1. Would you check if there is a residue in the stretch 195-217 being over 26 Å from A172 (Cβ atoms), within 16 Å of the ligand (Cβ to nearest atom) and either open to solvent by less than 10 Å² (accessible area, probe 1.4 Å) or part of a helix (DSSP H, G or I) (or both)?
2. Looking only at the stretch 1-32, count every residue that is assigned to a loop (DSSP other than H, G, I, E, B), farther than 27 Å from F298 by Cβ and either open to solvent by 50 Å² or more (accessible area, probe 1.4 Å) or hydroxyl-bearing (S, T, Y) (or both) and tell me the total.
3. Pick from L393, L383: which is open to solvent by less than 40 Å² (accessible area, probe 1.4 Å) and more than 23 Å from L254 (Cα to Cα)?
4. Please determine, by comparing only the residues of the stretch 140-160 that are open to solvent by 60 Å² or more (accessible area, probe 1.4 Å) and either part of a loop (DSSP other than H, G, I, E, B) or more than 10 Å from the ligand (Cβ to nearest atom) (or both), which one is nearest to Y326 (Cα to Cα).
5. Could we say that T332 is surrounded by 18 or more Cβ atoms within 10 Å (Cβ to Cβ), out of contact with any helix residue (DSSP H, G or I) (no Cβ under 6 Å at 6 or more places or on another chain) and farther than 30 Å from K208 by Cβ here?
6. Select, from G257, G321, the only residue that is at pLDDT 95 or above, under 30 Å from L373 (Cβ atoms) and touching a Leu at 6+ places or on another chain (Cβ under 6 Å).
7. State the number of residues belonging to the stretch 396-426 that are touching a residue at least 40 places away in the same chain (Cβ under 8 Å), open to solvent by less than 70 Å² (accessible area, probe 1.4 Å) and under 14 Å from R362 (Cβ atoms).
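The values are calculated or read from the model by the stated rules, or taken from the named source; none is laboratory data. As the structure is a computational prediction, the values presented were derived from the model and not from experiment. Positions of Cβ are backbone-derived with ideal geometry, glycine not excepted, and every protein chain shown enters the neighbour counts. Ligands, DNA and RNA are stripped out before the accessible areas are found, and what is left, the full protein with its side chains, is counted by its heavy atoms. Shrake-Rupley method; radii C 1.70, N 1.55, O 1.52, S 1.80 Å.
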Amino acid sequence: MKVYLDTVGCRLNQAEIEYYARQFHAAGHTLVADPQEADLAVVNTCAVTSAAAADSRKKIRHISRAGVDEIIATGCWSTLRPEDAARLPGVRRVVPNAEKDRLVPDLLQISEEVFDREMLERELIPGARLRTRAFIKVQDGCNNRCTFCITTVARGEGRSRTIAAVLEDIQAVLQPGEHGEEAAQEVVITGVHLGSWGQDLEPQTHLKELVTAILRETDVPRLRLSSLEPWDLDESFFSLWSDPRLCRHLHLPLQSGSAATLRRMARKTTPESFSRLLQQARAAIPDVAITTDIITGFPGETDEEFEETLEYVRAAQFAGGHVFTYSARSGTAAARMPNQVPYPVRKERNARLRAVLAESARAYQEKHLGQVLPVLWESATALGPEGWVLNGLTDSYIKVRAVAPQRLWNQITPVRLTGWFEEGMQGQLAL
Ligand code: SF4
């Protein structure tokens, strides 16, 4: 069977379709880059914003128009709106998040054990979802109730995968595949609430133990941690960075710099405790890139509260991040709150905050101008006789572009940072 895989949204959704790719491949099926060639398609949907939900529906309609009449919808949007998903053209099955880990064996009517008998080789997803870095799911669900968050509603209670299962997945992607798929040079561990990994295990443990085990038991060249909630971390966590394979990048969602707004969001952090964590991380990890997420226009956010956030972000000197315009998600407590902020005000605040974040991101990059940093090349585009245009990432999450005589895709090479292009820094190979 020819299978087309697609997703919208977070790294966890990407990690899940990468896992499906390995299972379909192990079961003898072929992945295709274009839905027009496919007999079956799986779409991992997202509900984090109304735009993401709309994208999910659009993708399913596009795949149906491409001629696929066996579409499986899974993920957060289809979990929250199963009837709407089932009504979309070509959708034959809606698999809720609670059952998505068994999606492939259930679909192929084979027992899950089949996939436990041997290591599931790395199988790169052809086409738009091809990723050089391997995304590995280590945790799902969340026990927090941030009032704006629909993910905790769609994904259910927090649950951790065992160290053994995670190590097996990582070992698998560190092996070259039978079709010459190259071994992963970087592994990104991800979850809905990554920092809560281990809290539900017996005996209870902490993410620090999982990262320690991965670094001890595998030869992973680069290990990156995806988004971490600030309240899950303490100073001792940063001792992990004594291992240079751990990427010097922390994504810590702040969401707001105003204590009052954070209380209405039911976030378990304060501006003061967040600042302490920034100081501890920067003291322990030289040159660490700290990026963040901020929501503008959260219900009840006054001009004063927004100014607090603006000043806080200016002082925090983040290396980058995402600014989301508050989007009411039905089923969340915030959607029922009074004092909803008018949309134009939310948008205007978003633009002002992006400008401040862009300034500090530039300042972070300027500190590295002229330095030589290791870059993992994630794409290589033929230029002709001049060679290849390479695009990649430093371990500190700076986007880098360079021209090279060789196609250095999926390789980590030293690069001198020499200037800027629209999305990041220009570089010269320092081989
Ligand atoms: S911790 Fe993250 S996933 Fe959990 S409710 Fe809050 S925002 Fe949502």
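1. Within the stretch 195-217 (the criterion being over 26 Å from A172 (Cβ atoms), within 16 Å of the ligand (Cβ to nearest atom) and either open to solvent by less than 10 Å² (accessible area, probe 1.4 Å) or part of a helix (DSSP H, G or I) (or both)), the answer is no, since none of the residues qualifies.
2. As a first pass, look at the stretch 1-32 and keep what is assigned to a loop (DSSP other than H, G, I, E, B): 1, 8-10, 27-29, 32.
Still in the running and farther than 27 Å from F298 by Cβ: 1, 27-29, 32.
With either open to solvent by 50 Å² or more (accessible area, probe 1.4 Å) or hydroxyl-bearing (S, T, Y) (or both) added as a condition, the list becomes 1, 28.
Looking only at that region, the number is 2.
3. Working: L383 fails: open to solvent by less than 40 Å² (accessible area, probe 1.4 Å).
Of the residues listed, the single one that is open to solvent by less than 40 Å² (accessible area, probe 1.4 Å) and more than 23 Å from L254 (Cα to Cα) is L393.
4. Initial filter on the stretch 140-160 (open to solvent by 60 Å² or more (accessible area, probe 1.4 Å)): 143, 145, 153, 157, 159.
If we keep only those that are either part of a loop (DSSP other than H, G, I, E, B) or more than 10 Å from the ligand (Cβ to nearest atom) (or both) as well, we get 143, 145, 157, 159.
Working: N143: 22, R145: 16, E157: 24, R159: 28 Å.
Among residues in the stretch 140-160 that are open to solvent by 60 Å² or more (accessible area, probe 1.4 Å) and either part of a loop (DSSP other than H, G, I, E, B) or more than 10 Å from the ligand (Cβ to nearest atom) (or both), the one nearest to Y326 (Cα to Cα) is R145.
5. Values: surrounded by 18 or more Cβ atoms within 10 Å (Cβ to Cβ): yes; out of contact with any helix residue (DSSP H, G or I) (no Cβ under 6 Å at 6 or more places or on another chain): yes; farther than 30 Å from K208 by Cβ: yes.
For T332, the condition - surrounded by 18 or more Cβ atoms within 10 Å (Cβ to Cβ), out of contact with any helix residue (DSSP H, G or I) (no Cβ under 6 Å at 6 or more places or on another chain) and farther than 30 Å from K208 by Cβ - is met.
6. Details: G257 fails: touching a Leu at 6+ places or on another chain (Cβ under 6 Å).
Unique residue meeting the criteria: G321.
7. Step one: of the stretch 396-426, the residues touching a residue at least 40 places away in the same chain (Cβ under 8 Å) are 396-398, 409-412, 414-420, 424-425.
Retained after the next criterion (residues that are open to solvent by less than 70 Å² (accessible area, probe 1.4 Å)): 396, 398, 409-410, 412, 414-415, 417-419, 424-425.
Filter again for under 14 Å from R362 (Cβ atoms), leaving 398, 417, 419, 424-425.
So the answer is 5.
Residues checked against (1) at pLDDT 95 or above; (2) surrounded by fewer than 22 Cβ atoms within 10 Å (Cβ to Cβ); (3) part of a loop (DSSP other than H, G, I, E, B):
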position: A47; (1), (2), (3): no, no, yes
position: A52; (1), (2), (3): no, yes, no
position: D55; (1), (2), (3): yes, yes, no
position: S64; (1), (2), (3): yes, yes, no
position: A73; (1), (2), (3): yes, no, no
position: W77; (1), (2), (3): yes, no, no
position: D101; (1), (2), (3): no, yes, no
position: V114; (1), (2), (3): no, yes, no
position: L120; (1), (2), (3): no, yes, yes
